[in-house]
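What follows is a single structure, written as structure tokens, with notes after it.
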Amino acid sequence: MDRPRITIFDTTLRDGEQSPGCSMNVQEKLHLAQQLDCLGVDVIEAGFPIASDGDFEAVQRIAATVRRPVIAGLARACKGDVDRAWQALQGAARPRIHVFLATSDIHLQHKLRITREQCLEQAREAVRHAKSVFAKSVCADVEFSPEDATRTDVRFLCQVVEAVIAAGATTVNIPDTVGYTMPEEYGQLIRALRENVAGIDKVTISTHCHNDLGLAVANSLAGVQNGARQVECTINGIGERAGNAALEEVVMAMRVRGDRYPYETGVASEQLYASSQALAEITRVPVQPNKAITGRNAFAHEAGIHQDGMLKNALTYEIMTPQSVGVPDSRLVLGKHSGRHALALRCEQLGHQFERRELDEVYRRFVVLADRIKKVQDSHLLELIEDVVRGGVGLGATAADPGRKFPPATATLPLPRAATAAAGAGSSESRAAQPTGSDSQAEGRPGGTPPTNWFSGAPFAEHHAEQEDYLWGV
Ligand code: KIV
Ligand code: ZN
């Protein structure tokens, strides 16, 4: 059965750019738009043309250069904004005008100082006007967003949505502007619109969730489960305040948990990491290390038990392959939580194979060292190995003179090329075995595969029995 296709609307260049420290110049926006095109997003919201000449030019340049995706320009619900957006979009192969107007009483009373009736009329008029500029165009693509929809009286929201559909809107976006809603509640709101608004089945319903309570992705998915077919999101989840729903998380949640979210997107997931890195480089805003999917720790393992499991079968601790999101490989980080199994492997990769007792000694010294310097690099390990092999200086002497050996390390331990190649063997995105009866077993690494040297592909020297392996992990 065909899975419903979800339109991925990327707003990194508009809502994302609104986050402090993330502004981009025209050239940088164009570069990122080209990367978003490679990523396979369906819609790129390129900017807010009335906001500045720079934004206008960026929308214009992107519209002229990036031809596959729809290019959207944002406009407030007034003639001047709509005309400016339309002007910027002139060269686009597939233009979209995105009109917004707040609908919650809080915004109407305190920000816009208009009545509900005035709001309804203004929304209707703005969409009509946007539609009229498309008069000679084949694709009359107009999106309307009732800003602060999730804090809007539902009956009034239904009225506004019905009015803009009648005026010609083709997509209706439901923003959780302040990141206030809960997944179940947001799902119910989308459902209520589908059940109560005349003409809603002719348009695409879209989600636009902010992350103030850390629920933007969960809310977006709840929207999709209740009938939304477009998700607005940003790379690395950047955006106003706590940000927007992270594109990479939405896409991979649907892909890895296709059993729960049976939807398709056009995103080439292997481009996710490159897109995340491109954005971080341009904005100089680093990705938080534990960021899902694209953070530097997303595929790193330090705990001994985890490293031991990974060396036997990656299914134990990874639910998707790093390659499926464009991350070159998994990393075993040698730190104080590492176990003998990972240490032995690294020693072997550095050309030193130890008997059990020797390895115990190397491990004993390694733990003392790791306690001091957080991450043990190859140079540190080689020095330590040399000491053990020569039966030379004890670690006590080294620890007493920290300036002499093992300077504090800051970089992470790189894996050798052979490791990378072997880790690259998997191709599909999901590593997780599906519930009984499912045929989507993970990427040629079924649970029964005997342990091999996961990083080098060659059989890993057996230093110890299976049960000991587990204890070694500790
Ligand atoms: O969060 C919001 O309400 C917006 C609208 C302009 C869509 O970004
Ligand atoms: Zn927003």
Within the range 1-12, restricting to residues that are among the aliphatic types (A, V, I, L, M) and in a loop (DSSP other than H, G, I, E, B), the one that is modelled with the lowest pLDDT is Met1
So Asn236 fits all but one of (1) within 16 Å of ligand 1 (Cβ to nearest atom); (2) surrounded by 20 or more Cβ atoms within 10 Å (Cβ to Cβ); what number is the exception? (1)
Of the residues Thr398, Thr410, which is at pLDDT below 90, surrounded by fewer than 16 Cβ atoms within 10 Å (Cβ to Cβ) and among the β-branched types (Val, Ile, Thr)? Thr410
Select from the range 303-328 the residues that are part of a loop (DSSP other than H, G, I, E, B) and crowded, with 21+ Cβ neighbours inside 10 Å and write down the one among them that is nearest to the chain's Cα centre (by Cα). Val327
With the condition kept exactly as written, say whether any residue in the range 245-268 is within 24 Å of Ala169 (Cα to Cα) and within 14 Å of ligand 1 (Cβ to nearest atom). yes
Residues located in the range 164-189, provided they are away from ligand 1 (no atom under 13 Å from the Cβ) and surrounded by fewer than 20 Cβ atoms within 10 Å (Cβ to Cβ): Ala166, Ala167, Gly168, Thr170, Met182, Pro183, Glu184, Glu185, Gln188
Find the helices (runs of 4 or more DSSP H) located wholly in the range 13-108 whose residues include 2 or more that are β-branched (Val, Ile, Thr) and touching a residue at least 24 places away in the same chain (Cβ under 8 Å), and list them. 53-65
Entirely in the range 127-232, the helices (runs of 4 or more DSSP H) that have 1 or more residues that are of a type in the set (Ser, Thr, Tyr) and within 14 Å of ligand 2 (Cβ to nearest atom): 216-225
Residues that are among the small types (Gly, Ala, Ser) and out of contact with any helix residue (DSSP H, G or I) (no Cβ under 6 Å at 6 or more places or on another chain), drawn from the range 34-53: Gly40, Ala51, Ser52
Quick one: what pairs do we get from the range 175-195, first residue touching a residue at least 24 places away in the same chain (Cβ under 8 Å), second in a loop (DSSP other than H, G, I, E, B) and of a type in the set (Gly, Ala, Ser), C-beta under 6 Å, 6+ apart or different chains? Ile190/Gly227; Ile190/Ala228; Arg194/Gly227
For the condition modelled with pLDDT of 95 or more, closer than 14 Å to Ser104 by Cα and surrounded by 19 or more Cβ atoms within 10 Å (Cβ to Cβ), what is the one hit in Glu117, Glu143, Glu147? Glu147
Exactly one of these conditions fails for Glu281: (1) away from ligand 2 (no atom under 16 Å from the Cβ); (2) over 14 Å from the mean Cα position of the chain (by Cα); (3) in contact (Cβ under 8 Å) with a residue 40 or more places away in the chain. Give me its number. (3)
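The values are calculated or read from the model by the stated rules, or taken from the named source; none is laboratory data. Small disclaimer: the values here were computed from a predicted structure and weren't measured. A quick note on method: Cβ atoms are made from the backbone with ideal geometry, for glycine too, and the neighbour counts reach across all protein chains shown.
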